[in-house]
């Protein structure tokens, strides 16, 4: 009986997390005909040759924010700026670099990851003559 109660309590705590993912399964923002896709990962997951080609530091203590901008479904150039802040509101400016690879354009920035933490990312994208901003939270872990 005790296990059943513990299981039900755990399930109740997990429902908001599952609902949040269900509400926004794709990591993208749409601004009219401009779509911005984004992802965050630890740079230690990159293959050494990939990191070198993109000019990234491959480290268990470095995160990467990857932004792709599409206009009418096709890769588009943009100006991308942003910040990342931790739970103590310590804010770090992100410096994005443009990477062109086989017809795709990516904007990537690195940031330090010292411990598992939920970060708030604020991104501003200037494309198609308009500037749009969005924010999102993501938990990031240093590599093993």
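At a glance:
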| item | result |
| --- | --- |
| Residue count for segment 36-65, restricted to those that are free of Cβ contacts under 8 Å to residues at least 40 places away in the same chain and under 10 Å from residue 111 (Cα atoms) | 0 |
| Residues located in segment 82-97, provided they are surrounded by 18 or more Cβ atoms within 10 Å (Cβ to Cβ) and at pLDDT 95 or above | 82, 84, 94, 96 |
| Cβ pairs under 9 Å, 6+ apart, first in segment 88-106 and part of a strand (DSSP E or B), second modelled with pLDDT under 95 and exposed (fewer than 11 other Cβ atoms within 10 Å of the Cβ) | 97/55; 99/55; 106/100 |
| Residue list for segment 107-144, restricted to those being surrounded by fewer than 14 Cβ atoms within 10 Å (Cβ to Cβ), in a strand (DSSP E or B) and in contact (Cβ under 8 Å) with a residue 60 or more places away in the chain | 130 |
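The values are calculated or read from the model by the stated rules, or taken from the named source; none is laboratory data. Worth saying up front: this structure is predicted, and the values here are computed from it rather than measured. FYI the Cβ positions are ideal-geometry reconstructions off the backbone, even for glycines, and counts take in every protein chain you see.
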